[in-house]
Amino acid sequence: MAQSVTALRIGTRGSPLALAQARDVRARLAAAHGLDPDAIALEVIRTSGDIIQDRPLTEVGGKGLFTKEIDSALIDGVVDLAVHSAKDLPTVLPLELTIAGYLEREDVRDAFISRKAASLDALAPGAVVGTASLRRQAMVLRRRPDVTVALLRGNVETRLRKLDEGTVDATLLALAGLNRLGRSDAATALLDVETFPPAVGQGAIAITVRRDDETVRNLLAAIIHDATGHALAAERAFLALLDGSCRTPIAGHAVVQGANVRFHGMILRPDGSEVLETRREGNVADAAALGADAATELKGRTPDDFFGA
């Protein structure tokens, strides 16, 4: 088995956060199988989402832009597994691929970051909040309709630099990413998950493999976190039925305690003027069904023009 592990090649994006996540997977795999982490190769793959920085991803294809080149490398056998931020994964993967599982989830909260205000509520009217997320845009405008939301893309350090340069007055970033980069000190305040729920998959690291590669799936079994998998099953089922992409402001958060899963789902108009939410609770074996049922309810309550505002 050790020989199989040493032959592994992990596909990843090249940003500091992506590399930190890939190294985490590599370290856990090596520890589980008694190997030097450096014996497992990291293959950096540049994606369309990394290249396109001057406009919202909604204009050029949505979430798949962060995964399709990596998917192709995995399908073609260039790499043996791929590491992703779970929130970047499209709801439908190529037929040849599957999600092997997830590492234990990090903190799911969003961090508010500003040099001018101690919290979102303390921002001056007319302040500019930078984000590339429609979910964050809608939630910010729901709470603070008197501020302006502007496009802010790039990796964590790029966004923090633009904040320091005064390009925007505040921004929001996933606390999990800041933690993984050792930058939790950058957070000015943390947003409560009940009123500001995260993106589906936020805080979780997903590992994809070829569907027919039982060897790699068996090797990964030692580091997969089952409770995170149950939570993500509910969240991704919710997202899939709502046709979730970068074009729709959708939040979903599931918490697993023992054999129980609790789910909170929310959809918003892009301008934050209206919000619909729902909750479910049940056995983890029914996690996907609970998420799908929550989505079906919200679809039934949603006006045809809901996402066009």
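A few points about this structure:
- Span-rule helices in the chain, defined as complete DSSP H runs reaching 18 Å or more along the axis (Cα) with Kyte mean at least -0.5: 16-32, 226-241, 287-301
- Amide H to amide H distances under 5 Å link L190 with F112, where only residues 5 or more positions off or on other chains count and H is placed in the peptide plane.
- Between R161 and R46, the FRET efficiency from the beta-carbon distance, with R0 = 25 Å, is close to 0.75.
- Spin-label pair A39/V92, simplified geometry with 7 Å Cα→Cβ offset, distance in nm: 4.1
- Centroid-to-centroid, using Cα positions, segment 77-126 and segment 134-213 are 8 Å apart.
- Extent of the chain along its three principal axes (Cα atoms, max minus min coordinate, largest first): 60, 44, 35 Å.
- For T215 and A150, the difference between the fully extended length at 0.36 nm per residue and the C-alpha to C-alpha distance is 18.8 nm.
- Karplus-derived 3J(HN,Hα) values for segment 261-273, using 6.51 cos²θ - 1.76 cosθ + 1.60 with θ = phi - 60°, are 10, 10, 10, 10, x, 8, 10, 9, 5, x, 8, x, 6 Hz; glycine and proline are entered as x.
- Separation of the D226 and D24 label points, Cα + 7 Å toward Cβ, nm: 2.2
- Charging the Cβ of each Asp and Glu at -1 and of each Lys and Arg at +1, and nothing else, the dipole of the chain about its Cα centre rounds to 460 debye.
- Simple rule: put +1 on each Lys or Arg Cβ and -1 on each Asp or Glu Cβ in the chain, find the dipole, and look at A222, M266, L95; the Cα lying farthest toward the positive end is M266.
- Modelled this way, with points 7 Å down the Cα-to-C-beta line, the labels at A259 and V128 are 5.5 nm from one another.
- Of I205, I224, the residue with the largest accessible area leads and the full order is I224, I205 (1.4 Å probe).
- Average accessible area per residue (Å²) across the chain - probe 1.4 Å, nucleic acids and ligands excluded: 42
- For segment 146-205: rounded, prolate or oblate by the Cα gyration tensor [a/c cutoff 1.5]: oblate
- Cα gyration tensor shape for segment 146-299, rounded if a/c is under 1.5, else prolate or oblate: oblate
- Calculated FRET value between R279 and V78, using beta carbons and R₀ = 41 Å, to 0.05: 0.45
- FRET efficiency for the A32 to K116 pair, using the beta carbon distance and R₀ = 51 Å, is estimated at 0.65.
- For E43, the amide hydrogen comes within under 5 Å of the amide hydrogens of I10, G11, T12, counting only partners 5 or more places away or on other chains and with H modelled in the peptide plane.
The values are calculated or read from the model by the stated rules, or taken from the named source; none is laboratory data. Please read these numbers as outputs of a predicted model, since none were measured by experiment. Because the Cβ atoms are built from the backbone with ideal geometry, glycine has one as well, and the counts that use them run over all protein chains shown. Accessible surface is based on the protein model in full, side chains and every heavy atom, while ligands, DNA and RNA are left aside. Shrake-Rupley method; radii C 1.70, N 1.55, O 1.52, S 1.80 Å.
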